[in-house]
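Enquirer: Take a look at this one; I'll ask things after.
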Amino acid sequence: MSAQTRVLELLIQLQADLGLSFLFISHDLGVVRRVADHVGVMRAGRLLEVGLAGVVLTAPRDAYTRLLLNAIPGRRAASPAP
């Protein structure tokens, strides 16, 4: 098990056991998907999209968010906003 995996599991366990909230900043959307309840997507210091992680990461409204998600290898392309 990698050090990253152990740290992420510890953070998830602390959230569950102690009801902790924390700000987690990452460029790795796979990691974000694992640990976040809510997600904010930023570009050039501006907040472009914010919402529940399950919504933002599966049905993004912003074109830049879709671009980021579509760049993940092996991931099915995010569909355009309704």
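Read-outs: derived from the displayed coordinates by stated rules, not from any lab. Here the structure is a predicted model, which is why all the values come from computation and not from measurement. Heads up, the Cβs are rebuilt from the backbone with ideal geometry, glycines too, and the neighbour counts pull from every protein chain shown.
Enquirer: With just the Cα atoms of the range 3-70, tell me how far they stretch along each of the three principal axes, in Å, largest first.
Expert: So the extents along the principal axes, rounded to whole Å, are 36, 23, 23.
Enquirer: Another question about this same structure. Give me 48, 23, 29 ranked fewest to most by other Cβ atoms within 10 Å of their Cβ, as a rough exposure proxy. Intermediate results must be reported in sequence, preceding the final value.
Expert: Numbers: 48 16, 23 6, 29 20.
By the 10 Å Cβ count, ascending, the order reads 23, 48, 29.
Enquirer: Quick one: if you stick a label point 7 Å off each Cα along the C-beta vector at residue 52 and residue 70, how many nm between them?
Expert: Going by the 7 Å Cα→Cβ label model, 2.6 nm.
Enquirer: Rounded to the nearest 10 degrees, what's the angle between the helix 3-18 long axis and the longest principal axis of the chain, both from Cα atoms, 0 to 90?
Expert: It works out to around 80 degrees.
Enquirer: I've got another one for you. What's the exposure ranking of 67, 47, going from fewest to most Cβ atoms within 10 Å? Numbers along the way, then the final one.
Expert: Working: 67 12, 47 9.
Listed from fewest to most nearby Cβ atoms, that is 47, 67.
Enquirer: If neighbour count is taken as other Cβ atoms inside 10 Å, put 31, 50 in order from fewest to most. Intermediate results must be reported in sequence, preceding the final value.
Expert: Values: 31 15, 50 12.
Arranged by neighbour count, lowest to highest, 31, 50 become 50, 31.
Enquirer: Under a crude label model (7 Å from the Cα following the beta-carbon direction), how far is residue 61 from residue 14 in nanometres?
Expert: 3.2 nm
Enquirer: Amide H neighbours of residue 49 under 5 Å, at least 5 residues apart or on other chains, H built in the peptide plane: list them.
Expert: 41
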